[in-house]
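Everything on this sheet refers to the single structure shown next.
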Amino acid sequence: MTASNGVPLSGLALTEAISAALVDLYAEFYDHDRTTATTYINDNVVVCVLEDILTSSESRQIADGAGKAVIDGRIAFQEGAQDDFTKAIEGLTGRRVTAFLSANQTHPGVACELFFLEAPPAAVE
């Protein structure tokens with residue numbers, strides 16, 4: 001993705017775009033718009049921390065003692081949505097994702113999406 005002037009996104013614009021893209025994916029898959037995200041990039045690693053991820057149904061399951069079932073469902077979701085998440089990151093960074101890891105916790109309802117990127121192309125001098 002590029003800015004309106006055709007220059008690839010970087011810095012704060014890139015991290016905000018990644019956060020927005022992952023929040024949109026969560027909203028699409030989980031049908032709620034409470035989730036917020038903060039993204040960090042360090043060299044070849046992108047980390048996106050998402051908060052308030054649980055649906056009302058998942059919160060009820062957790063209250064009823066079925067937290068493991070919620071985590072199992074989240075793992076299944078990530079396996080099924082991996083291509084969508086990877087495509088979003090590759091489109092925004094312009095770099096190939098070489099690995100994707102996802103972790104979820106029910107108390108509090110947070111997730112961490114971790115992407116490893118291929119090295120950037122060598123600068124031409």
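The values are calculated or read from the model by the stated rules, or taken from the named source; none is laboratory data. Just so you know, these numbers come straight off a predicted model, no measurement behind them. Note: ideal-geometry Cβ built from the backbone for every residue, glycine included; neighbour counts use all protein chains shown.
Yes/no matrix, rows are residues, columns are (1) modelled with pLDDT under 95; (2) among the small types (Gly, Ala, Ser); (3) in contact with a Pro (Cβ under 9 Å, 6 or more places away or on another chain); (4) farther than 27 Å from THR98 by Cβ:
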{"residue": "THR2", "(1), (2), (3), (4)": "yes, no, yes, no"}
{"residue": "ALA37", "(1), (2), (3), (4)": "no, yes, no, no"}
{"residue": "CYS48", "(1), (2), (3), (4)": "no, no, no, no"}
{"residue": "THR55", "(1), (2), (3), (4)": "yes, no, no, yes"}
{"residue": "GLY73", "(1), (2), (3), (4)": "yes, yes, no, no"}
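Being in contact (Cβ under 8 Å) with a residue 40 or more places away in the chain, surrounded by 17 or more Cβ atoms within 10 Å (Cβ to Cβ) and not charged (D, E, K, R) is the filter here, so list the residues in the stretch 50-74 that pass it.
Answer for the stretch 50-74, where residues must be in contact (Cβ under 8 Å) with a residue 40 or more places away in the chain, surrounded by 17 or more Cβ atoms within 10 Å (Cβ to Cβ) and not charged (D, E, K, R): LEU50, ILE53, LEU54, ILE62.
Please specify each residue of the stretch 76-125 satisfying the condition of being exposed (fewer than 13 other Cβ atoms within 10 Å of the Cβ), of a type in the set (A, V, I, L, M, F, W, C) and in contact (Cβ under 8 Å) with a residue 24 or more places away in the chain.
Matches in the stretch 76-125: ALA119 only.
Mind checking which residues of the stretch 38-68 are among the β-branched types (Val, Ile, Thr) and not in a strand (DSSP E or B)?
ILE53, THR55, ILE62
Scan the stretch 76-120 residue by residue and report those that are touching a Pro at 6+ places or on another chain (Cβ under 8 Å) and either of a type in the set (Val, Ile, Thr) or closer than 18 Å to ALA20 by Cβ (or both).
Of everything in the stretch 76-120, just one residue is touching a Pro at 6+ places or on another chain (Cβ under 8 Å) and either of a type in the set (Val, Ile, Thr) or closer than 18 Å to ALA20 by Cβ (or both), namely GLY94.
I'm trying to understand the selection: among the residues of the stretch 76-116, which are over 14 Å from the mean Cα position of the chain (by Cα), part of a strand (DSSP E or B) and either within 16 Å of ASN44 (Cα to Cα) or charged (D, E, K, R) (or both)?
THR98
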